[in-house]
Every structure is written in structure tokens, then in C-alpha cells.
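As C-alpha cells, the structure follows; a few thoughts come after it.
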Amino acid sequence: MQTKTERNNPAAIAELSRRIALLAEGRGHLTLMHVCGTHEHAIVSSGLRSFLPPSVSLVSGPGCPVCITPEEDIGRMIHLAEHGVTVTTFGDMVTIPTTQGSLADARARGADVRVVYGIAQSLAIAAQGTEVVHFGIGFETTVPTSSVALEARPDCFSILSVHRTIPPALAFLHEAGIAVDGFIDPGHVCSIIGTRPFEPLARRYKTPHVVAGFEPGDVLMAVYLLLVQIAEGRHDVENEYARAVRPEGNVIAQAHMERTFESVDAPWRALHDIPGSGLAIRRTYREHDALWRHRDLLSSFSWEPRHDDADCRCADMLVGACSPRDCPLFGSACTPDSPIGPCMVSIEGTCNIAYKYG
Amino acid sequence: MCLAVPGKVVEIRDAVGVIDYDGVRIEARLDLVDASVGDYVIVHTGFAIEILSEEDAEESIALWKEIEAYADKDGKE
């Protein structure tokens, strides 16, 4: 199978760019939003925004799972680590700052904090008899991997779930009055959930959606398809990434998720509580839910919410209301080596990506 | 986070597949897909999350080919 074909032919890209400019003419300013750190990476690293006319803005929404994980949950993981539990997490979560420092600070003080590439590594550590709590972050792409781990009912193993789901976040953005003319939906979230969960959103808020893959050509094609929909006055859910996304999604993965998790209202860092956007571990699996399994340890956990730095504009960034250079801290007080807000910490954070690629 | 890379299943042992990326081979869990040897899968955090299908992508490919053909024709005129 060829995984790259017409999508990276320069002549085809130029033609697509020309068609986009033609479609955008006379339509005023259009704001298109994606909600995926990997999309932002593809866009910035390829210079894709330079292929769009000035009247088309491509903005980044709340698509970085590390960025939107509440500080308080990171605090819980630090608390567990400092009370003798081995904690495992994905890489860039380790350096996210909180009022109680970061997981990396806890590790420097002697706590056992380990970075894993996937949850199977956490299971391998637990299989050796070490009590492990895995930090269950991520959207629908990652959730079924947590489900498979829970269903194995492994000894010495639990998950602190901060998993979140994307469709309720898009509804939240609409309800919050964010002006978006079209959504580029995240390809690998849709590999799991399919395209159908976006259909009620497209209808209700009269906004076109296109599911896109992660090559720059995929994203540019999604922009083109959105502009065609806008020109034709349609608000459908289209699938640019059919090679990896079926309308019904991955039903095997969905069954694993359904057996192990239930939807709950949940906070997103720098945003608010979003109804139905969190996933709590079902009671059947509570022996492997860190909140239950380590309830005695966690009963001594307390949290002082802080006010984020008044100048930090991560909250605006996460709803696409500003770009990194609109923030007075960007590149001066706030850099990847010394980040203030989560958008600068995560390799999927909009500020981090903007800093890296200039 | 949701970065996932396509590779070819070259061997299956229980729920674990050996995935080939142009010669580099890694193991990935196959619990979430009904994959066979020879399938291309997308792997995310150590799990194959979907089987790639160029057949399902025919419409997308046709659109790209149309744009490509137009661009080529335009360039020659």
C-alpha cells in the first residue's frame, strides 16, 4: 500500500490552494477550527497556513489532552507518587506545572514516576508485583487501550482516568459562542468513534465538518471540502480520511469502551466543566480505579486552586480565540524550557509548536 | 498524543502483532482490530486502532486524481 501518493504532489497542492482562494473570495473572514495537536503539528511544520488566503483562518481548539488535564488530577498523581505508589504516564505530562510542582519535581524528590509509551508497559511493571497507577489521559483514540487493560483485571494495577471525549467539547464551544465556520475533525479519534457522533452537531449548529488525516495534504483537502460546503450552504459531515475512518468507527474498540467507562461531566483545564465529556471507570472495575483502590491514600489529598498567571492566554488559545503571538508571555517569560501555561509544555500544545517552528 | 503511524502486520502471536515499518519491526497489541497478516494497521500507543483500507478511500483518491490531472494539464498549457 502506498501511504503517500497524490497528497504530496506539489502541483496538486498548488491547485488545491488556488481553488481554496477562489472559493473564499467574497465570503468575508472564515474561521476553521481543528481540535488535534497532531493536526496543528502537521499545519505548522509544513507551513500550511501560507497556502491559505488571508481571509481564511485555521485555528487550534482544545485538542491537546495534556493541556486540558486539570491541575488537581496531576496533584492527585503527585500525591500518590509521594506516598509510595509507582505512577506511569505519557512523556510530556511529567513536566506540566501545578501549584504543587510537577511529576518531574516529585521524581527528583525520590518518587517513582515512570514515562511509558503505552499502557502495556505499565501493565508489565505491575506484573512484577509493583503497585502501579497509570495516568489515563487522552481522547477516544487512547481510551480503548485503557479499557483493554481494565478488562484484564491485573493485580497491583489501577488507572486514574482523566480521559475526555471530543464531541461534547465541540458542543461546548458552540454554546460558549465561539464563532467557527467549519470544523476539521480529528482523524484518529474518528477511527474509533466514526463520523456519526458529529452529525447531530453539524445539524444543530449548522456548521460543516470534515474528518481529516494527518499529512499536510489531508488538512488542505479538508479546508477545501469545508469551503465547498460553505459555498453550497451545506453543513454535512464529510470524511477526507476514509482510508482509516469508517462511518460507524471501530465497533470492537467501542464495545471495550462501553464495558469499562461511563460518561460523566468533567472539567477541562483553563475551560469549564463540560457536560458528558469525562469518562469514569465503571463500578464493575472499581478495584482498578485509582480513586477507589487508593481512596485511603487520597483522603489526605488537598488542593488549593491557584489563579493562573493573569497574562497567560492558554484559556483563549484552547478555544481558538487567540494565537500564540497574541500572548504577552510567548517566547519571553514563557518558553518550552520554562513554561507558564500548559499550551507551552506539551509537544502538542499550540504555543510549544509555534515556538519550535518559529 | 493521537499520532499514529501505518505499518504492515507480518506476524501474529495471540493478541500481539509484529508490525513492519519499511524494515523496522515493532510489536503492537491487536485487541482492538480483527487484523490478519498482510493488513496495514494504524498503531497508537502500542495498540493497532484501525485497519487501513484504500478501497474505502476510493472517493478521496478519485478527488485527488482529478485535482492532480487538472494541475498537470494546467501546467502544460
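The values are calculated or read from the model by the stated rules, or taken from the named source; none is laboratory data. Quick caveat, the model's predicted, so the values are computed rather than measured. Here Cβ is always computed from backbone atoms with ideal geometry, including for glycine, and neighbour counts include all displayed protein chains. Note: areas computed on protein heavy atoms with side chains; ligands, DNA, RNA excluded. Shrake-Rupley method; radii C 1.70, N 1.55, O 1.52, S 1.80 Å.
Quick one: would you say B:E50 is within 7 Å of chain A (Cβ to nearest Cβ) and over 27 Å from A:E140 (Cβ atoms)? Steps first, please.
Working: within 7 Å of chain A (Cβ to nearest Cβ): yes; over 27 Å from A:E140 (Cβ atoms): no.
In short, no.
Could you look through the range B:39-77, keep only residues that are closer than 21 Å to A:L220 by Cβ and assigned to a loop (DSSP other than H, G, I, E, B), and pick out the one that is most open to solvent (accessible area, probe 1.4 Å)?
Taking the range B:39-77 and keeping what is closer than 21 Å to A:L220 by Cβ, we get B:42, B:52, B:54, B:56-75.
Applying the additional criterion that residues be assigned to a loop (DSSP other than H, G, I, E, B) yields B:52, B:54, B:56-57.
Numbers: B:L52: 21, B:E54: 51, B:D56: 81, B:A57: 4 Å².
If we take residues in the range B:39-77 being closer than 21 Å to A:L220 by Cβ and assigned to a loop (DSSP other than H, G, I, E, B), then B:D56 is most open to solvent (accessible area, probe 1.4 Å).
Name the helices (runs of 4 or more DSSP H) wholly inside the range A:1-107 in which the number of residues that are within 14 Å of chain B (Cβ to nearest Cβ) and open to solvent by 10 Å² or more (accessible area, probe 1.4 Å) is 2 or more.
Numbers: elements: A:10-24, A:37-46, A:65-68, A:71-82.
Filter on the range A:1-107 gives A:10-24, A:37-46.
Within the range B:15-38, track down each residue that is crowded, with 20+ Cβ neighbours inside 10 Å and more than 9 Å from chain A (Cβ to nearest Cβ).
B:G17, B:I19, B:L30
Taking the range A:233-274 as the search range and keeping residues that are without any contact (Cβ under 8 Å) to a residue 24 or more places away in the chain and part of a loop (DSSP other than H, G, I, E, B), which one is nearest to A:G177 (Cα to Cα)?
In this case the residue turns out to be A:G233.
Among the candidates A:R246, A:R259, which residue alone is within 10 Å of chain B (Cβ to nearest Cβ), surrounded by fewer than 24 Cβ atoms within 10 Å (Cβ to Cβ) and under 26 Å from B:L32 (Cα atoms)?
None of the other options fit; the residue is A:R246.
Please determine whether any residue of the range A:193-202 is small (G, A, S) and surrounded by 24 or more Cβ atoms within 10 Å (Cβ to Cβ).
Taking the range A:193-202 as the starting set, the residues that turn out to be small (G, A, S) are A:194, A:202.
Of the ones still in play, those that are also surrounded by 24 or more Cβ atoms within 10 Å (Cβ to Cβ) are none.
Among the residues of the range A:193-202, not one is small (G, A, S) and surrounded by 24 or more Cβ atoms within 10 Å (Cβ to Cβ), which makes the answer no.
Considering each of A:A106, A:A21 in turn, give the residue that is of a type in the set (G, A, S), touching an Asp or Glu at 6+ places or on another chain (Cβ under 9 Å) and either farther than 28 Å from A:P168 by Cβ or at pLDDT 90 or above (or both).
Being of a type in the set (G, A, S), touching an Asp or Glu at 6+ places or on another chain (Cβ under 9 Å) and either farther than 28 Å from A:P168 by Cβ or at pLDDT 90 or above (or both) holds for just one of A:A106, A:A21, which is A:A106.
Which residue is farthest from the other protein chains (Cβ to nearest Cβ), if the candidates are limited to the range A:173-206 and must be part of a helix (DSSP H, G or I) and under 15 Å from the mean Cα position of the chain (by Cα)? Full working, then the answer.
We begin by selecting, within the range A:173-206, every residue part of a helix (DSSP H, G or I); these are A:173-175, A:187-193, A:196-204.
Next cut, under 15 Å from the mean Cα position of the chain (by Cα) only: A:173, A:187-193.
Working: A:L173: 18, A:G187: 8, A:H188: 4, A:V189: 6, A:C190: 10, A:S191: 4, A:I192: 6, A:I193: 11 Å.
Out of the qualifying residues, it is A:L173.
Under 7 Å between Cβ atoms, which residue pairs at least 6 apart in sequence (or on different chains) link something in the range A:93-104 that is closer than 13 Å to A:P305 by Cα with a partner that is small (G, A, S)?
Every condition considered, the pairs that remain are A:T98/A:G75; A:Q100/A:G75.
Based on this model, can you work out whether A:H209 counts as more than 14 Å from chain B (Cβ to nearest Cβ) and at pLDDT below 95?
no
Please state which of the following conditions A:A171 fails to meet, knowing it meets all the rest: (1) open to solvent by 20 Å² or more (accessible area, probe 1.4 Å); (2) under 19 Å from A:T38 (Cβ atoms).
Every condition holds for A:A171 apart from (2).
Taking the residues in the range A:108-142 that are small (G, A, S) and open to solvent by less than 10 Å² (accessible area, probe 1.4 Å) as candidates, determine which candidate is nearest to the chain's Cα centre (by Cα). Steps first, answer last, please.
Filtering the range A:108-142 for residues small (G, A, S) gives A:108, A:110-111, A:118, A:120, A:122, A:124, A:126-127, A:129, A:136, A:138.
After this cut, where a residue has to be open to solvent by less than 10 Å² (accessible area, probe 1.4 Å) as well, the list is A:118, A:122, A:126, A:136, A:138.
On the way: A:G118: 16, A:S122: 21, A:A126: 27, A:G136: 13, A:G138: 6 Å.
Filtering the range A:108-142 for residues that are small (G, A, S) and open to solvent by less than 10 Å² (accessible area, probe 1.4 Å), the one nearest to the chain's Cα centre (by Cα) comes out as A:G138.
Which residue out of A:A242, A:A255 is more than 30 Å from B:A62 (Cβ to Cβ) and of a type in the set (A, V, I, L, M)? Lay out the reasoning, then the answer.
Numbers: A:A242 fails: more than 30 Å from B:A62 (Cβ to Cβ).
Just one listed residue meets the conditions, A:A255.
Step by step: first the residues of the range A:143-168, then only those that are under 15 Å from A:I193 (Cα atoms) and within 14 Å of chain B (Cβ to nearest Cβ), then the one that is surrounded by the fewest Cβ atoms within 10 Å (Cβ to Cβ). Which residue is that?
For the range A:143-168, the residue satisfying everything is A:T165.
Quick grid of which residues meet (1) farther than 30 Å from A:R49 by Cβ; (2) open to solvent by 50 Å² or more (accessible area, probe 1.4 Å):
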position: A:A280; (1), (2): yes, no
position: A:L291; (1), (2): yes, yes
position: A:C327; (1), (2): no, no
position: A:F330; (1), (2): no, no
position: A:C334; (1), (2): no, no
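Just the residues that are facing another protein chain (nearest Cβ under 7 Å) and modelled with pLDDT of 85 or more, please, taken from the range B:54-67.
B:W64, B:K65, B:I67
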